Amino acid sequence: MDLLNTLVDKGLRRELPTREEALAVLATSDDELLDVVAAAGKVRRRWFGRRVKLNYLVNLKSGLCPEDCSYCSQRLGSKAEILKYTWLKPDEASKAAAAGVAGGAKRVCLVASGRGPTDRDVDRVSKTIAAIKEQNEDVEVCACLGLLSDGQAERLRAAGADAYNHNLNTSEATYGGITTTHTYADRVETVQQAQAAGMSACSGLIAGMGESDADLVDVVFSLRELDPDSVPVNFLIPFEGTPLAKEWNLTPQRALRILAMVRFVCPDVEVRLAGGREVHLRSMQPLALHLANSIFLGDYLTSEGQEGKADLAMIEDAGFEVEGAGTTTLPKHRADVAAEAAGSPCGGHGGGGCGPCGDGGAESAGTAEAPEAAEVAVAEAAEVPVPAGEVRTDLVAVRRRGAGTDLPPNA
């Protein structure tokens, strides 16, 4: 296809495709899917080889959020049966983080529900960062605490935070239909505050909320302009008890086309295969490794993810390798810029990031022991055959993390 040849050439030159070209990727047929994956895979390998970065998320505070993000099980008014607890102590968070590092995670992402941190919360998180780095000196730490107030980004950076995550989630034009308690501009400002403070910025999207192809292209082009080091691509988990509970809009094929489009628009940026991958990609997850160069290891914040051992086996079986702690994630031209901005000579924190900031609908979380969370349950197949390419809501039962069990937080 001339389209794919053009996109590969542009990706290898770090040249932005046109919006029409990005839309054309999303419009390709299932018959063309492997060609699309192969083309985007060339761009991924040019900048990241066959490395896969592992990230581990620690849920510092769960539930009881005052924001009304429609996709989130922790939202104001949510009736989802989820674990709810206040701040973990630094030693508890450090223990959870250590399990992720033992499983091969290079970055630990600290997430807390809520609109944004108070100054006291920043003190809490600063102590937690210190406790984690005392036990694992080389681990990267990303904070994901919501909207930042003046001076908080600088304080987190001084405390040792290497990165900050805050997702745009959807296009500016449709943002008001997803959330009313804060604005799209608020999110952009927080990402810019993190960048100005010298932290590596992480910002991405959630696909599957009923958005159009144009909305997806709009948010990815906005992310390219914002220029984060990491772009997590989340796929909506339609939690019962939330306004988007019935939004089952994704097939594995569409999820792969979305990932390919993101890779073409953001060729040299860390693309994170994030929340909802097990639910929507299912057996096609290994193909996504040819598009994304980073994944989360372990559970989601409020639902169970794929078993950590299964993730490691998937990476090896697909011919990829886990990125080591001594390897800089980003290509040299981006890592050098990140290091200069942060005042670091190594650029080691330049890359990676978290799921949606503190809103939990599509985030990963670590486990307190080995990263071996139970995998997403598969329901019995429907008796009536479904035509190829149609959404199969019967295939997956979302299992709420901790629901009906005695599991404590992060266990």
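The values are calculated or read from the model by the stated rules, or taken from the named source; none is laboratory data. Since the structure is predicted, the reported quantities are computational estimates derived from the model, not experimental observations. Cβ placement follows ideal geometry from the backbone for every residue including glycine, while neighbour counts extend to all protein chains displayed. For accessibility, only protein heavy atoms count, side chains too; no ligands or nucleic acids. Shrake-Rupley method; radii C 1.70, N 1.55, O 1.52, S 1.80 Å.
Could you list, in sequence order, all residues of segment 268-325 that are acidic (Asp, Glu) and open to solvent by 30 Å² or more (accessible area, probe 1.4 Å)?
If the condition is that a residue be acidic (Asp, Glu) and open to solvent by 30 Å² or more (accessible area, probe 1.4 Å), then Glu307, Glu316, Asp317, Glu321 are the ones that fit.
Which count do you get for residues in segment 140-155 that are open to solvent by 10 Å² or more (accessible area, probe 1.4 Å) and of a type in the set (Gly, Ala, Ser)?
Here the count works out to 2.
Select from segment 70-84 the residues that are touching a strand residue (DSSP E or B) at 6+ places or on another chain (Cβ under 8 Å) and modelled with pLDDT of 85 or more and list them in ascending order.
Across segment 70-84, the qualifying residue is only Tyr71.
Suppose we filter Thr179, Thr170 for residues that are open to solvent by less than 20 Å² (accessible area, probe 1.4 Å), farther than 20 Å from Leu330 by Cα and out of contact with any Leu (no Cβ under 7 Å at 6 or more places or on another chain); which single one remains?
Within the list Thr179, Thr170, the selection yields Thr179.
Take segment 156-167 and flag every residue that is surrounded by 24 or more Cβ atoms within 10 Å (Cβ to Cβ) and in contact with a Gly (Cβ under 7 Å, 6 or more places away or on another chain).
Ala163, Asn165, Asn167
Could you list all residues from segment 106-139 that are acidic (Asp, Glu) and either in a helix (DSSP H, G or I) or open to solvent by less than 10 Å² (accessible area, probe 1.4 Å) (or both)?
Answer for segment 106-139, where residues must be acidic (Asp, Glu) and either in a helix (DSSP H, G or I) or open to solvent by less than 10 Å² (accessible area, probe 1.4 Å) (or both): Asp119, Asp121, Asp123, Glu134.
Would you confirm whether or not segment 167-177 contains a residue that is of a type outside the set (Lys, Arg), closer than 19 Å to Ala112 by Cα and part of a loop (DSSP other than H, G, I, E, B)?
Yes, because at least one residue in segment 167-177 is of a type outside the set (Lys, Arg), closer than 19 Å to Ala112 by Cα and part of a loop (DSSP other than H, G, I, E, B).
Only one of these conditions is not met by Tyr71: (1) more than 21 Å from Pro238 (Cα to Cα); (2) open to solvent by less than 40 Å² (accessible area, probe 1.4 Å). Which number is it?
Status for Tyr71: all satisfied but (1).
Only one of (1) charged (D, E, K, R); (2) closer than 22 Å to Leu259 by Cα; (3) more than 19 Å from the chain's Cα centre (by Cα) is not met by Glu211, so which one is it?
(3)
Scan segment 329-343 for residues that are open to solvent by 50 Å² or more (accessible area, probe 1.4 Å), without any contact (Cβ under 8 Å) to a residue 24 or more places away in the chain and either closer than 23 Å to Asn136 by Cα or not aliphatic (A, V, I, L, M) (or both) and jot them down.
The answer is Lys332, Asp336, Glu340.
If I ask for residues that are touching a helix residue (DSSP H, G or I) at 6+ places or on another chain (Cβ under 6 Å), surrounded by fewer than 24 Cβ atoms within 10 Å (Cβ to Cβ) and hydrophobic (A, V, I, L, M, F, W, C), which ones from segment 227-255 would you list?
Leu250, the sole residue that qualifies.
Any chance segment 184-191 includes a residue that's surrounded by fewer than 23 Cβ atoms within 10 Å (Cβ to Cβ), farther than 24 Å from Glu323 by Cβ, of a type in the set (Lys, Arg) and at pLDDT 95 or above?
For segment 184-191, residues surrounded by fewer than 23 Cβ atoms within 10 Å (Cβ to Cβ), farther than 24 Å from Glu323 by Cβ, of a type in the set (Lys, Arg) and at pLDDT 95 or above: present.
Quick one: in segment 40-64, of everything that is open to solvent by less than 10 Å² (accessible area, probe 1.4 Å) and either β-branched (Val, Ile, Thr) or outside any strand (DSSP E or B) (or both), which residue is farthest from Val262 (Cα to Cα)?
Gly63
Could we say that Thr174 is more than 23 Å from Ala97 (Cα to Cα) and without any contact (Cβ under 8 Å) to a residue 12 or more places away in the chain here?
Answer is no for this residue.
Could you tell me whether any residue of segment 180-194 is part of a helix (DSSP H, G or I), touching a Gly at 6+ places or on another chain (Cβ under 9 Å), β-branched (Val, Ile, Thr) and over 29 Å from Ala102 (Cα atoms)?
Taking every residue of segment 180-194 in turn, at least one turns out to be part of a helix (DSSP H, G or I), touching a Gly at 6+ places or on another chain (Cβ under 9 Å), β-branched (Val, Ile, Thr) and over 29 Å from Ala102 (Cα atoms).
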